Amino acid sequence: MQFDIRRFDIYRKVPKDLTQPTLTGACISIFSVLFILFLFLSELSLFITHDVVSELTVEDPVKHSEKIPVFINLTLPNLNCKYLGLDIQDDMGRHEVGFQDNTQKFEVNGGSGCRMESHFLINKVPGNFHVSTHSAESQPDNPDMTHIIHKVRFGMDLQEGKDVSGSFNPLEGLDKTKSQAIATHDYIVKIVPSVYEDSRGNLRYPYQYTFSYRDVVQYGHGGRMMPAIWFRYDLSPITVRYKEKRKPFYTFLTTVCAIVGGTFTVAGILDSCIFTAAEVFRKLEIGKLS
């Protein structure tokens, strides 16, 4: 007796002349295919999208560097550029008045105001940097430190398109032009080290920060003190780590198989129930007429 491997076929085929197409079955089939296509595209979109998970650790994420890059960009609409300067101080003894490197100033409001931006490095110790008139050759009669902050960034800039919930630039767009002209503005900043690792293992260090604010007119022994915009910072020992993750392919494949198989199974049961009910109803109608 010759062995026939076709005996192992668990998907036996039914001859077409033994099947009966119906309008209901066609509608259910079309709906099932559209439903499967919708779920497949939704699952594909989730598969190609990265999930970002976060965790908290107690560590220094940038052990190879003792410095943190800072970028500041703000506009003082009522103070000429010739009076403005950037001063940097910290607990390691650093004291720079009128920092010039990587600093640019642009006149606004016809020269009566100034937009200043600067890149610089700070040590990983508590300190401050402030925008003031301390380094000017002559002091203005009525210094006006009202301002608009465009950006204050610590660490690397987070790449565009990265959907990460965090406090990377909470000072952006802060408008203090309605404050007292002679007031000193004090921002108390708490810096939180952060690490972002993409799906390829590339690392970026976009530090986050929170802040509190106060403005006050300061007086000393010689009378009213010159106003300034202070950013006093301290570092948190907590590091936030973000990591991109993608679902494994086998998970995507399993889900697609479940979608296709489950939809066709439920659609087959529904079609069978409707067909059986229709046949019973038809027989009852024939019984009434006979």
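Laid out as a table, the results:
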item: Normalised contact order of the chain, rounded percent, pairs of Cα under 8 Å and 6 or more residues apart; result: 22 percent
item: Simple Cβ-charge dipole of the stretch 77-235, Lys/Arg +1 and Asp/Glu -1, about Cα centre, in debye nearest 20; result: 160 debye
item: Sites residue 197 and residue 26, calculated FRET efficiency, Cβ-Cβ separation with R0 51 Å, nearest 0.05; result: 0.50
item: Residue 134-residue 82 pseudo-label distance in nm [points 7 Å out on the Cα-to-Cβ vector]; result: 2.3 nm
item: Listed residue (130, 39, 69) projecting farthest to the positive dipole end of the chain, Cβ model; result: 39
item: Nonlocal amide H pairs with residue 183, under 5 Å, H built at 1.01 Å; result: 145
item: Label-point separation, residue 190 to residue 246 (7 Å along Cα→Cβ), nm; result: 3.7 nm
item: Full-extension gain in nm, residue 47 to residue 96, via 0.36 nm per residue minus C-alpha separation; result: 12.5 nm
item: Accessible-area composition of the chain, carbon plus sulfur, in percent [1.4 Å probe]; result: 58 percent
item: Whole-Å semi-axes of the stretch 93-146's equivalent ellipsoid (Cα gyration tensor); result: 24, 14, 10
item: Cys with no candidate disulfide partner in the chain (beta-carbon separation under 4.7 Å rule); result: 27, 257, 273
item: Positive-pole candidate from 154, 195, 270, dipole of the chain, charges at beta carbon; result: 270
item: Point-to-point label distance, residue 121-residue 35, nm (Cα→Cβ direction, 7 Å offset); result: 6.3 nm
item: Which labelled figure in [x] 248; [y] 138; [z] 295 is volume of the Cα convex hull per residue in Å³, once derived from the coordinates; result: [z]
item: 3J(HN,Hα) from dihedral phi, the stretch 265-282, Karplus parametrisation 6.51/-1.76/1.60, rounded to Hz, x for glycine, proline; result: 5, 5, 5, x, 5, 4, 4, 5, 5, 5, 5, 5, 5, 5, 5, 4, 5, 5
item: Efficiency of FRET between residue 4 and residue 56 - r from beta-carbon atoms, R0 51 angstrom, step 0.05; result: 0.20
item: Point-charge dipole on Cβ atoms (K/R +1, D/E -1) for the chain, about Cα centre, debye to 20; result: 1140 debye
item: Shape category assigned to the stretch 194-288 from the gyration tensor of Cα positions, a/c cut at 1.5; result: oblate
item: Signed unit charges on C-beta, dipole axis of the stretch 184-243, positive-most listed residue 231, 184, 216; result: 231
item: Computed magnitude of the charge dipole of the stretch 185-281 (debye, nearest 20; Cβ of K, R +1, Cβ of D, E -1); result: 600 debye
item: Computed lengthening from residue 236 to residue 258, 0.36 nm per intervening residue step minus Cα-Cα distance; result: 3.2 nm
item: Helix-only [θ]222 nm of the chain, DSSP H runs n ≥ 4, -39500 (n - 2.57) each, per residue, nearest 500; result: -8500 deg cm²/dmol
item: Protection proxy ranking, peptides 202-212, 71-81, average beta carbon neighbours within 10 Å, highest first; result: 71-81, 202-212
item: Sequence-distant residues sharing a close amide H with residue 122 (under 5 Å, placed H); result: 68, 70
item: Subset of 82/176; 124/190; 151/178; 124/178; 67/151; 67/176 violating a 23 Å alpha-carbon distance limit; result: 124/178; 67/176
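The values are calculated or read from the model by the stated rules, or taken from the named source; none is laboratory data. Quick caveat, the model's predicted, so the values are computed rather than measured. Backbone-built Cβ (ideal geometry, glycine too); neighbour counts: all protein chains shown. The protein model used for the area step is the full one, side chains on, heavy atoms only, and it has no ligands, DNA or RNA in it. Shrake-Rupley method; radii C 1.70, N 1.55, O 1.52, S 1.80 Å.
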